[in-house]
1. Every residue in the range 6-20 that is free of Cβ contacts under 8 Å to residues at least 40 places away in the same chain and surrounded by 14 or more Cβ atoms within 10 Å (Cβ to Cβ), please.
2. Collect the residues in the range 21-49 that are of a type in the set (Asp, Glu) and surrounded by 13 or more Cβ atoms within 10 Å (Cβ to Cβ), keeping them in residue-number order.
3. Report, ordered by the first and then the second residue, all pairs with beta carbons closer than 7 Å, sequence separation of six or more or different chains, a first member in the range 109-136 that is without any contact (Cβ under 8 Å) to a residue 12 or more places away in the chain, and a second member that is exposed (fewer than 15 other Cβ atoms within 10 Å of the Cβ) and hydroxyl-bearing (Ser, Thr, Tyr).
4. Can you name every residue in the range 114-129 that is of a type in the set (A, V, I, L, M) and within 17 Å of the chain's Cα centre (by Cα)?
5. Condition check: more than 22 Å from Met93 (Cα to Cα) and not basic (Lys, Arg). Does Leu42 satisfy that?
6. Looking at (1) at pLDDT below 95; (2) more than 16 Å from Leu152 (Cβ to Cβ), which is the one condition that is false for Arg11?
Amino acid sequence: MNTNDLLKRLRFAVKISDAAMMEALALGGSPLSREKLDAYFLKEEEEGYALCPHGVLEALLDGMIAKKRGAREEAQGSPAAQRAPAAPLDNNMILKKLRIAFELKEEDLLEAMRLGGVELSKNELSAFFRRKDQKNYKECMDQFLRNFLAGLAKLGKARY
């Protein structure tokens, strides 16, 4: 799923306004102009369409987390500041960031999945949040993420 499609689905699922989206992007370290943001919501064939970079989507999710839970305080020299660079943004990471941003409990995630048409056990759900090198890790596919976002919209708990 391309980032523009994901951005549109996320916007619908959490009912986030353009102003709130721009605020979250600024909090996430990637401030954007209104014109640039609007270009991400155009259809591919429309004039002015622009492909949303993964960094913008990640900044939006990070900004949503910062707004809801507070900004990270990482002093120079602290263990958090010295850790390895973040993993590239993939569907599993998007799911994890949404879980953090909206403080979704396991029951909330399972209910959103059910509302999106996906039945999962707790063990199957936890596989999405494991490290890639773990034996029981499961990759979150595009269709699954689409269904989750649809279920999240129906759940109504995730409002920005």
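1. Lys8, Arg11
2. Glu23, Asp38
3. Here the result reads Ala127/Tyr137; Arg130/Tyr137; Arg131/Tyr137, each pair linking the range 109-136 to a residue that is exposed (fewer than 15 other Cβ atoms within 10 Å of the Cβ) and hydroxyl-bearing (Ser, Thr, Tyr).
4. Leu125
5. yes
6. The one condition Arg11 does not meet is (2).
The values are calculated or read from the model by the stated rules, or taken from the named source; none is laboratory data. Keep in mind it's a predicted model, so treat the numbers as computed, not measured. Cβ atoms come from the backbone with ideal geometry, glycine included; neighbour counts cover every protein chain shown.
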